[in-house]
1. Take the residues in segment 256-277 that are among the small types (Gly, Ala, Ser) and open to solvent by 30 Å² or more (accessible area, probe 1.4 Å); name whichever of them is farthest from Leu349 (Cα to Cα).
2. Here is a check on your reading of the model: is Ala10 hydrophobic (A, V, I, L, M, F, W, C) and over 30 Å from Gly206 (Cα atoms)?
3. Being open to solvent by 20 Å² or more (accessible area, probe 1.4 Å) and under 12 Å from the mean Cα position of the chain (by Cα) narrows it down to one residue among Val290, Val283, Val335; which is it?
4. Could you please let me know if Arg44 is under 30 Å from Pro146 (Cα atoms) and crowded, with 16+ Cβ neighbours inside 10 Å?
5. Going through Gly162, Gly156 one at a time, which residue ends up being closer than 19 Å to Ala301 by Cα and in contact with a Leu (Cβ under 7 Å, 6 or more places away or on another chain)?
6. So which residues in segment 355-366 are surrounded by 13 or more Cβ atoms within 10 Å (Cβ to Cβ) and either at positive phi or acidic (Asp, Glu) (or both), if there are any at all?
7. Just to check your reading of the model, which residue among Ala287, Ala295, Ala315 is within 12 Å of ligand 1 (Cβ to nearest atom) and on the phi < 0 side of the Ramachandran plot?
8. Check Leu15 against each of (1) touching a Ser or Thr at 6+ places or on another chain (Cβ under 9 Å); (2) open to solvent by less than 50 Å² (accessible area, probe 1.4 Å); (3) assigned to a strand (DSSP E or B) and name the one condition it does not meet.
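The values are calculated or read from the model by the stated rules, or taken from the named source; none is laboratory data. If you're wondering where the values come from, they're calculated on a predicted model, not measured in any experiment. Cβ sites come from the backbone with ideal geometry, for glycine too, and all protein chains shown count toward neighbours. Accessible surface is based on the protein model in full, side chains and every heavy atom, while ligands, DNA and RNA are left aside. Shrake-Rupley method; radii C 1.70, N 1.55, O 1.52, S 1.80 Å.
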Amino acid sequence: MKTQVAIIGAGPSGLLLGQLLHRCGIDNVILERQTPQYVLGRIRAGVLEHGLVNLMREAGVSAHMDEHGLEHDGFTLAFQGRCHRVDMKALTGKSVLVYGQTEVTRDLMAARQASGAPVYYEAADVQPHGFLDGKPRVTFTHQGKPMTLECDYIAGCDGFHGVSRKSVPQERIRHFERVYPFGWLGLLSDTPPIEDELVYVNNPRGFALCSMRSPTRSRYYLQCSLAEQVQDWSDDRFWTELATRLPEDIAGKLVTGPSIEKSIAPLRSFVAEPMKFGNLFLVGDAAHIVPPTGAKGLNLASSDVYTLYHALRGALLDGRADLLERYSEICLRRVWKAERFSWWMTTLLHTFDDDPFGRRIQRAEQDYYTSTRAGLTTIAENYVGLPYEAVI
Ligand code: APR
Ligand code: PHB
C-alpha cells in the first residue's frame, strides 16, 4: 500500500487533517486502533474557538455544527461571593461555539465515510518506521493480516497514549509536564443547563463548572481528590455537592436528574518538543495536553492541524518543502500560550491545600483580572482563541 500522508489516529485531529487533505487532492490513509463506536463514546469538552469553527467550514463538515452549535458571547466567573461576566463579544468582537467534541468527531467520521477515503478501524500494532532516514512507512495488522503503508509523511494524531511520540528516540525529544493534585468529576445529564452561558466557580470546597451540550443536555464538573472513585459518587451526592459550591442565586436554578455518564479525569499540563522528527509530525494530544479549565484541548489540536495542513499543501502542491521545516516552531508558539492560559485558569479557579500565601495571591488575581478592562480583555482574548499563525 502507498499514500502521501499516513495518519495515525481517527480522533478529531486525524479526521480533520484527513478531510482537509482529501479535499485538496492529497492522498491520505487513517489508521485507528479502536472501533468507531469506541471513539464516539469518549465524552470531551465542547467549546469551539472561532479558528476551529472556520476550519470545520473549510473542511465542508459544518452543516450540523452551524445548525446545532450554541454561540456564546460570554461566560461567568464566580468567586468570593461575587459573579463576574466576561463579555467576550464586547471585549474582543468574537464569541465561541458550544458544540460537543463527540459531535465534531461524528461529523468528521460521516464526512470520511462519504468521501470514500480509506480509514482502517481496529488497526492493531500500528508502528511508524523510517521517519528519520527519509523512508517513512507504517506497519499494522488489520483483520489478522499484516500490512505495510508506504508514505511520504506520517501524522501522529494518536493522542497522549499513542505510539507516535513513543517511537521517537528519547534523546531527540524533551518533555515538559505539570501534574495537578486533583481531578475533575464530570456528570452528563439530560437536564436543562443552569444558565444560558458557562459558569466557572471557585469555592473553598473546590472548583465547579456548569456547562452544556444543548438546551436540554448539561455537563457539570466538580474538582475532586485523585483518591476519589466514581462509584463513590451517587447522583444525589454529586448534585448536593454541586449546589453547595454554586452561588446561591445560581444554585436555586439547578435542575437535577439521572446521570447518563459520570467519570473522573486527572489534570495535567504536558508538552513534547519538538513536534517534528524527520517525516513524522506530532499533532494534538500526541504532542501536548492541557488541563480542561481553559477548554483548549480540541482547539489546540485544531491549530496544529491547520499548520500541518498548510505546510503539507505547500510541500506537496506548491514545492515549498521549507514550510514543513517550520511546523514545530509555528505550533509551539501557540501551544505554549494556550498552556499558559490553561495553567493560569486552573490556578485561578481551583482550591489548593495548605498554601496560605498562594491562596492570597489567588484572591488578588481574581480581584485584579475581573476589576479592570485590561484584565477582563486578557481573559476574553485567550478564551475565544489567539490567532492562528500564517504558514507562509
Ligand atoms: N494506533 C492507532 N490509533 C491510535 C493509537 C495507535 N497506537 N493510539 C491511539 N490511537 C487513537 C485513539 O484511539 C484515538 O481515537 O488515536 C486517537 C487520538 O484521539 P484523541 O486522543 O482524541 O486526540 P486528538 O485527536 O489529538 O484530539 C484532541 O481530544 O483527548 C481530547 O482533550 C483532547 O479535546 C482534545 C482532543
Ligand atoms: C465541557 O463542556 O465539557 C467543558 C466546557 C468548558 C471547559 C471544560 C469542559 O473549560
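1. From segment 256-277, those among the small types (Gly, Ala, Ser) are 257, 259, 263, 265, 269, 272; that's our starting set.
From the residues that got through so far, the ones that are open to solvent by 30 Å² or more (accessible area, probe 1.4 Å) too are 259, 263, 265.
Details: Ser259: 25, Ser263: 20, Ala265: 17 Å.
Here the answer is Ser259.
2. yes
3. Answer to the selection: Val290.
4. The answer is no for Arg44.
5. Gly156
6. Glu365
7. Going through Ala287, Ala295, Ala315 in turn, just one is within 12 Å of ligand 1 (Cβ to nearest atom) and on the phi < 0 side of the Ramachandran plot: Ala287.
8. (3)
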